[in-house]
Amino acid sequence: MGEKTDVWQGTLALMALRTLESMGPLHGYGLARRIEQISGDRLQLNYGTLYPALLKLEQEGFIRSSWGLSDNNRRAKYYELTKAGERQVKKAAAEWEQTTAILARFLTPAEEA
Amino acid sequence: MPKLRALWLRILEMFHPRLGDADFDAELASHVEMHTDDGIRAGLSPEEARRQALIRLGGMEQTRQAYRERRTLPWLETLWQDIRFGLRILCKNPGYTAVAVLTLALGIGANTAVFMVAQAALLRSWPAREPDRLARLIATTPQGEEDAFSYPDYRDLAAQSSSLEGILAYSRHVKMLRVGAESQAVRDDLVSPNYFSVLGIDAQLGRVFSAESRPDNEPGVVICDSLWHRAFNADPLLVGKQIWLTNRGYTVLGIAPPGFRGLERGVPTDLWLPVATEYSSQELADRKSREFEVLGRLRPGVTAAEAQVELDTLGRRLALAYPAIDKARNVALISERERLREAMVPTLILMTAVGLVLLICCANVAGLVLARADARRKEVAMRLALGAGRLRLIRQLLTESLLLASLGAAFGLLLAAGLLRLAPALMPPSEVEIGLDLHLDASVLAFTAAAALLSVLVFGLAPAIQLSKTSLVSALKGEGRGAVRGVKRWTMRNALVLGEIALSVVLLTASGLVVRSLLYSRSLPLGFDRQRQLIYFDLLPAVAGYNSERSAAFFNQVEEKAAALPGVRHAALERRVLLSDSGGGAEQRVSIPGVELPQGQLNVPIKFNAVDGNYFRAIGTRLIEGREFTSGDNPLAARVTVISQTMAERFWPGQEVLGRQIVADGTACQIVGVVEDAKINSIHETPEPYMYFPFAQMPSDYSTLIVEAESNPKALTARMLSEIQRVDRNVPVSVRTVHYLMKQAFWDDQMAAGFVGALGLLGIFLGAIGLYGVVAFTVNRRSREIGIRMALGAERRDILRLVLGQGLTLAAIGAGIGLVASLAAMRLLSTMLYGVRPTDPLTFAGSSALAILVALAASWIPARRAASIDPMQSLRTE
C-alpha cells in the first residue's frame, strides 16, 4: 500500500474511529500500531498521515483529544470518541458495508444467467 | 453539520496560527520518542531506533505541512497574505493609489448613479403586488396611440373582459391643499373604486377604497405617507378627520403604505380620491371626455397575447356601438414584459454612454498598473527565480487590482450618493413635487460590485499576465530600460491610449452635437416674444366658492386693476398658458362645413385656448390677417374664432379663410383672424391646428392673467399680488414668469446637453491622464536614450519635439479612429438632435481639434522634463 491518501482518507478515518470505539482512548502512535496489528500487518501506513486524519475527525467533532501520561510515563496526546463519534462509527460502518456488498456483486462472477 | 463545524474551526485557527503549531510539535516529539523506546526495547541502538521511527513517520516536515494544511484553510490564508501584501504595496505608493482609485471611483460612481436613475425611471416594475401580471391598456387610433380612455369605455372594458381579473382607471389632477393658513399644490389621482384592490395595496393606517363602497355623502381621501409626514406631522389621529382640498372638505380614510406614490414615474401622487366624489354620474357617463389611464391585472395563467385577442374584440365592439366617438379606435395591451422590452432601449443607450466612461477609466488604470508593473519587473523576476509559480503571481497581482477596484467602488458609491443628494436640484421646475424615487438598494450594490469586478478584469488581467511572463534573465540583468525593448508592451499601452482618445472624441462629438441642437432649439420661433417681461398670475376663484358668473366678473376686475398699474404695458386674460405643464391637451371636436376630413371622420379634435382682446399684443403673437378679439365679442354677440396659420393651411390650402365657419363642439363660429403658429406643449412639436376663442364667449372658473411689465417685474409682481388680494383675499394666486416657463420648456434639451457634455468633459479629462501616463512612462524608460542623444549633440528643442511628437501622433491617430466611430455612433443620437445633422462637419472638426489640444497639453509636462534631463546623470544611473 502506497500513500494513496485520497482512497485512504475515508477508510483510514473509519479504521481510526472503529479502533477508538473498541479500544477506548489511545494516543496517535498507539492508534497507528493498533491499526497495523488489526490489519495483520498487511497495512504499512506512514504514521504521519494519521495525524491530519485525526485532526479532521476532531474538527468535525467525532473525537476529542487531551494530554495524558503513557504507560511508560511519557506525555502523550490521547484521542477518544465523542457521542457524535459513536453515532458516526455506526453510520460509516453501515455505509461501508453497503458499498462493499454492492462492489462484491460486480466482482464475483454472475450466478444466474 | 460536522463539515460546517470543521470549516468554522479552520477559519478560527487562522487567527492564532502559532498556538496549534507548538501543540502539534509536542505531539510529534512524543510520538517519535515512544516509537524510539519501542525500537530500543526490540534491541536496536538508540540512534537506529530514532532513524527507523522517523522513516515510519514519513518525515517530520512533511507531516507538519500536511497537518498545517488541514488545520487552517490554505487558500484563504494565501488570500489574506495577498491582501496584506497588496495593501502594503498600495500604501507605499500613495500617489499611484490615489490617482487609480479616484479614476475608478469616477467611472464606477457615474455608472452606479446612472444605473439608479435607469432603474427608477425605466426598469422598476409597478409598485404593486405581483407586478408581472399588470398591463397598461392603451387606445390605438389612426393618429397613433393614446393613453386615455373615457370612463364609460373603461367601465365597459372592465365589465366585459374575462382575461383580466381586474381593471383600474385613474386620472391625474392638481388640487390646492389648505392646512391652516397655508395652501400648497398637491397631485391627486381620481381613481376607480377598485384601484387599490387591483394593485393589491392596503393602507398602513385606516383603509383604502373598497371596490363596492359608494361614498355618496362624505367624500373620502387616501393620502400618501410622504404628505402625511410633510403636511400633518404623521398625526396618528388623522384618519377620520377632515382635510381641505381646493374648495371642499374630505374625510381621510387611510394612509397609503410608505413608498407608494401612484403609477406615474417621476410625478409622485400625493393623494387619491374616488372618481364618484368628484364627478357626477352624468359626467362619468360622458363617452367623449377621455381622461382616464387604465391598467389591468391578467388572470393567473392568461398570457398577454390571449388577453390582447379578447381586448381586440371588445374594442371593435365599442367602435361599432359608438361610431360617432369610438370609430377606428381599438384597445391594445402593453404587458409588463413588453414595457420592460421597450425600456431596454433607452436603458442600454444610457448605460452604454456611461459604460464608455468606465471603459476609459479602466484603460487609464490599466496604463498605471502596467507602468507600475514595469517598474516591478526586477522584483517579479526575483520572486519567479525563488520559485513562485506564475499563477500564484498572477493571483497576487489580481488581488492588488481587486483592492484598487474595491476602494474605487467604495468611493464610487459615495460619489453616487452625493449625486443622489444633488438630484432634486437637477429636476425641472415645477409647482408640485416631482422626482424619481432614487435609493440605494441591493440591486444597486450588486451592480456596483459587478462593475468593480468587471473593471478588474479589464484593467488588471492583462498587466498581470504580461508581468508574469517576465523573462528572468533579461529582467535581472537590468535590460528593458534601454532603447527599444518590449515592443509588445508598447503596442498594447499605445492601443489603450488610442482607444481612450478615440472614445473621448466620440463623447466630445456627441456633446458638441447636443449643445448645438440646444442652441438651435433656443433660436426657434415660439410664436410669442420670450424677451418680454411677462408675468403669469394663475387665478382659482372656484376655490373661494365662486360660480362662473362671479368668476368672470372677478377676472375682469383684476385685469382692469392690472391695466391701471403704472409700469404695466399690457394685461390680458387667457385660459391656458403656452408651454406650461398645464398648457394643452384639452381639445374641442371640430367639424368644418364643406371640408372633407381624413379617414371619413365626422370631426377632428383640435386644441384651443380662450383669450381676450389684449392677448396677442401682450405676448407678441403676430396677426397674419383679419382682426384680434375686441370687447364687442361678448356672450351676446355672434361667435367668432381666430385660428392658427397651420389650421388655415391644413383645411383651406391657398384659399380665403376669413369669414368661413367652423363648428366647434356643436357651436358655429366665424373665423375673424389668422395668427402665426405658437408652441403649445413643447418646443419640438410639429405645428398643429390651434384655435382661439374670445374669453368672454367661453367662460371658465380658472384663468391666467398675463402682465407685460415695462421693467422690474419683481416689484410689479408684489404690487399686483396685493391688488388681487384687495379684490378678494380668499382667491388663491400663484405666480410664474416667462423665465420660469422657458426653463421648464427647455429643460429636456438642457439636461441632455448637460449630461452628454459632462460625459464629454470627463472623457477628455481621463484621456489626458492616460496620455500623460504613457508619455511620462516613455520618458522614464528612454531616459538613457535621451541622455545619449543629448550627449551626441541633440538640442533641448529636438528632445521636446521628439516627446511631443510621440504624444501628438497618438492623439492624432486616436482622434481619427474616434471620428470614424462617431460617424457610426452619432446616428443613435439623431432622434435627440434638432437643427443639426448627426454628421455635422463643424462639430466633428471641433471635437478632434479640442482632443488634440488637450493631448498637446498632456504631453507638455513630460516633454519638458525630458528636455531637462542631464545627460551625465541619466547615463550614470544605468
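The values are calculated or read from the model by the stated rules, or taken from the named source; none is laboratory data. None of these values were measured; they are calculated from a predicted model. Don't worry about glycine lacking a Cβ; one is built from the backbone with ideal geometry, like all the others, and counts go over all protein chains shown. Calculation scope for accessible area: heavy atoms of the full protein, side chains included, ligands and nucleic acids excluded. Shrake-Rupley method; radii C 1.70, N 1.55, O 1.52, S 1.80 Å.
Below, the figures for the structure above:
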item: Whichever residue in segment A:69-110 is over 20 Å from B:Lys3 (Cβ atoms) and at the interface with chain B (Cβ under 9 Å from one of its Cβ atoms) and, among such residues, is most open to solvent (accessible area, probe 1.4 Å); result: A:Arg75
item: Residues (among the hydrophobic types (A, V, I, L, M, F, W, C), surrounded by fewer than 21 Cβ atoms within 10 Å (Cβ to Cβ) and more than 30 Å from B:Leu519 (Cα to Cα)) located in segment B:805-832; result: B:Leu808, B:Ile813
item: Qualifying position, being among the basic types (Lys, Arg), touching a Pro at 6+ places or on another chain (Cβ under 9 Å) and within 20 Å of B:Asn634 (Cα to Cα), among B:Arg550, B:Arg589; result: B:Arg550
item: Residue that is surrounded by the most Cβ atoms within 10 Å (Cβ to Cβ), among those in segment B:11-69 that are within 20 Å of A:Asp41 (Cα to Cα) and in contact with a Gly (Cβ under 7 Å, 6 or more places away or on another chain); result: B:His31
item: Every residue from segment A:37-52 that is more than 7 Å from every other protein chain (Cβ to nearest Cβ), open to solvent by less than 20 Å² (accessible area, probe 1.4 Å) and modelled with pLDDT of 85 or more; result: A:Leu50
item: Output for segment A:53-63, where each listed residue is open to solvent by less than 20 Å² (accessible area, probe 1.4 Å) and either at the interface with chain B (Cβ under 10 Å from one of its Cβ atoms) or in a loop (DSSP other than H, G, I, E, B) (or both); result: A:Ala53, A:Leu54, A:Leu55, A:Leu57, A:Gln59, A:Glu60, A:Gly61, A:Phe62
item: Residue in segment B:91-103 that is buried (at least 16 other Cβ atoms within 10 Å of the Cβ) and charged (D, E, K, R) present; result: no
item: Positions within segment B:532-550 being open to solvent by 50 Å² or more (accessible area, probe 1.4 Å) and farther than 22 Å from B:Ser644 by Cα, in sequence order; result: B:Gln533, B:Leu540, B:Gly545, B:Asn547, B:Ser548, B:Glu549, B:Arg550
item: Failed item, numbered, when A:Ser66 is tested on (1) open to solvent by 40 Å² or more (accessible area, probe 1.4 Å); (2) of a type in the set (S, T, N, Q); (3) within 10 Å of chain B (Cβ to nearest Cβ); result: (3)
item: Strands (runs of 3 or more DSSP E) contained entirely in segment B:554-655, each with at least 1 residues that are charged (D, E, K, R); result: B:568-574, B:587-591, B:604-611, B:623-626
item: Residue match in segment B:45-63 (condition: within 14 Å of chain A (Cβ to nearest Cβ), aliphatic (A, V, I, L, M) and out of contact with any helix residue (DSSP H, G or I) (no Cβ under 8 Å at 6 or more places or on another chain)); result: yes
item: Hey, B:Leu658 outside any strand (DSSP E or B) and closer than 17 Å to B:Tyr690 by Cα or not; result: yes
item: Check on B:Val505, in contact (Cβ under 8 Å) with a residue 24 or more places away in the chain and touching an Asp or Glu at 6+ places or on another chain (Cβ under 9 Å); result: no
item: Flag for B:Leu106 being open to solvent by 10 Å² or more (accessible area, probe 1.4 Å), of a type outside the set (Ser, Thr, Tyr) and under 31 Å from the mean Cα position of the chain (by Cα); result: yes
item: Selected residue (criterion: surrounded by the most Cβ atoms within 10 Å (Cβ to Cβ)) from residues of segment B:326-342 that are within 18 Å of B:Ala307 (Cβ to Cβ) and small (Gly, Ala, Ser); result: B:Ser335
item: Check on A:Ala16, in a helix (DSSP H, G or I) and within 12 Å of chain B (Cβ to nearest Cβ); result: no
item: Lone qualifier among B:Val604, B:Val577 - being surrounded by 20 or more Cβ atoms within 10 Å (Cβ to Cβ) and among the β-branched types (Val, Ile, Thr); result: B:Val577
item: Listing of strands (runs of 3 or more DSSP E) fully contained in segment B:121-194 that carry 3 or more residues being in contact with an Asp or Glu (Cβ under 9 Å, 6 or more places away or on another chain) and either at pLDDT 90 or above or surrounded by fewer than 15 Cβ atoms within 10 Å (Cβ to Cβ) (or both); result: B:134-141, B:164-179, B:182-191
item: Matching residues in segment B:70-83 - criterion: being in contact with a helix residue (DSSP H, G or I) (Cβ under 7 Å, 6 or more places away or on another chain) and either within 14 Å of chain A (Cβ to nearest Cβ) or surrounded by 18 or more Cβ atoms within 10 Å (Cβ to Cβ) (or both); result: B:Arg70, B:Arg71, B:Thr72, B:Leu73, B:Asp82
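Residue-by-condition table, conditions (1) under 26 Å from B:Met720 (Cα atoms); (2) at pLDDT 90 or above; (3) more than 40 Å from the chain's Cα centre (by Cα):
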{"position": "B:Ser580", "(1), (2), (3)": "yes, no, no"}
{"position": "B:Gln588", "(1), (2), (3)": "no, no, no"}
{"position": "B:Val595", "(1), (2), (3)": "no, no, yes"}
{"position": "B:Gly600", "(1), (2), (3)": "no, no, yes"}
{"position": "B:Arg617", "(1), (2), (3)": "yes, yes, yes"}
{"position": "B:Thr630", "(1), (2), (3)": "yes, yes, yes"}
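Let's see how each residue does on (1) closer than 30 Å to B:Ser517 by Cβ; (2) surrounded by 13 or more Cβ atoms within 10 Å (Cβ to Cβ); (3) of a type in the set (D, E, K, R):
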position	(1), (2), (3)
B:Asp633	no, yes, yes
B:Arg639	no, yes, yes
B:Ile643	no, yes, no
B:Ile662	no, yes, no
B:Ile671	no, yes, no
B:Val674	no, yes, no
B:Ala678	yes, yes, no
B:Asn681	yes, yes, no
B:Glu688	yes, yes, yes
